[in-house]
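Here is the structure we will look at.
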Amino acid sequence: MSDFHGVYLLCSIENKTVRGTYIGYTVLPGRRILQHNRFQKGGAHKTAKYAPWDMILCVHNFPTRTAGLRFEWAWQNPKVSVRLKMYDWQKKKSETGVQYQIRILERMLNVSPWKKLPLTVQWLRNEYKVPLVPPIHMPIAHGPIEEQIDEEELTLCSDTECILCKISLSTQNSVYCVHNHCTFHLTCLANKLTIAHELLPLAIVCPKCGNSQLWGDMIKLRNRARKPQKISSDVNHWSDQLSQV
């Protein structure tokens, strides 16, 4: 199964109002836009009225399918989302449908839990581009997304014991440095790096090799290493434990 989890924004070529926008989740953006435009089976029925569509932006690199789907739901429902409903989501008269949806997206990217994820914001159609300021660690890319082929089993050449506690470990309870695959028990590393008043660190420095990296990237590498056990790609991730979005 692909590691790609993305939430995309569609804009109707004929209708530039809010009704002419659509937010969805996908693992294959190229196939999904063909479905929405009825070139392939499987498009959402609610998009048929305002076809044809342009897929103009995609937020991707979510660690799990669940994280992506929860982001999709909150973006679709900002007025009822626990994490967004306190903000003013009345559409301004001067806003186009795209500008309104990007205003919601920008706010989402800068509030918890999403502001701590190692996401990428990718403009697929530059003619629709409007100002958007995500957190500094989230890159803004441009151009089409390269479709990902299912990856082979990830094998990490790692230590047989936790570098911190010196007790043996397994793939099930390990986390890996993204630079040199230094290996730790997840709980050992979390206990060492947890900062007061910051339960979920954004970035950390590996205690062994000294390289800085995003915590979310380490968890994503851990999830890939666990895939061969034939479990869902929806392995537990801290963002999945948040019952309210």
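The values are calculated or read from the model by the stated rules, or taken from the named source; none is laboratory data. From a predicted model like this one, the values you see are computed outputs, not experimental measurements. Cβ coordinates were reconstructed from backbone atoms using ideal geometry, including for glycine residues, and neighbour counts include every protein chain displayed. Ligands, DNA and RNA are excluded from the accessible area calculation, which covers all protein heavy atoms including side chains. Shrake-Rupley method; radii C 1.70, N 1.55, O 1.52, S 1.80 Å.
What are the residues in the stretch 57-75 that are within 11 Å of Phe4 (Cα to Cα) and assigned to a helix (DSSP H, G or I), if any?
Hits for the stretch 57-75 are Arg65, Gly68.
So which of Arg83, Arg38 ends up being on the phi > 0 side of the Ramachandran plot and part of a loop (DSSP other than H, G, I, E, B)?
None of the other options fit; the residue is Arg38.
Those residues that are in a strand (DSSP E or B) and either open to solvent by 30 Å² or more (accessible area, probe 1.4 Å) or of a type outside the set (Asp, Glu) (or both), I need them from the stretch 43-56; list them, please.
Trp53, Met55, Ile56
Based on what the data block shows, is Ala74 small (Gly, Ala, Ser) and crowded, with 18+ Cβ neighbours inside 10 Å?
Numbers: small (Gly, Ala, Ser): yes; crowded, with 18+ Cβ neighbours inside 10 Å: yes.
Yes.
Being over 19 Å from Leu9 (Cβ atoms), in contact with a helix residue (DSSP H, G or I) (Cβ under 9 Å, 6 or more places away or on another chain) and not in a loop (DSSP other than H, G, I, E, B), is that true of even one residue in the stretch 116-137?
Taking every residue of the stretch 116-137 in turn, at least one turns out to be over 19 Å from Leu9 (Cβ atoms), in contact with a helix residue (DSSP H, G or I) (Cβ under 9 Å, 6 or more places away or on another chain) and not in a loop (DSSP other than H, G, I, E, B).
Pairs needed: first member in the stretch 92-108, in contact (Cβ under 8 Å) with a residue 12 or more places away in the chain and assigned to a loop (DSSP other than H, G, I, E, B); second member anywhere, open to solvent by 10 Å² or more (accessible area, probe 1.4 Å) and of a type in the set (D, E, K, R); C-beta distance under 7 Å; at least 6 residues apart or different chains.
Once the first residue is in contact (Cβ under 8 Å) with a residue 12 or more places away in the chain and assigned to a loop (DSSP other than H, G, I, E, B) and sits in the stretch 92-108, its partners that are open to solvent by 10 Å² or more (accessible area, probe 1.4 Å) and of a type in the set (D, E, K, R) give Thr96/Lys16.
Identify all residues within the stretch 28-50 that are hydrophobic (A, V, I, L, M, F, W, C) and farther than 17 Å from Tyr128 by Cβ; write none if there are none.
Of everything in the stretch 28-50, those that are hydrophobic (A, V, I, L, M, F, W, C) and farther than 17 Å from Tyr128 by Cβ turn out to be Leu28, Leu34, Phe39, Ala44, Ala48.
Can you find a residue that is under 30 Å from Met55 (Cα atoms), of a type outside the set (S, T, N, Q) and either at pLDDT 80 or above or surrounded by 14 or more Cβ atoms within 10 Å (Cβ to Cβ) (or both) anywhere in the stretch 166-186?
no
May I ask you to verify whether Gln148 is within 28 Å of Glu72 (Cα to Cα) and at pLDDT 70 or above?
no
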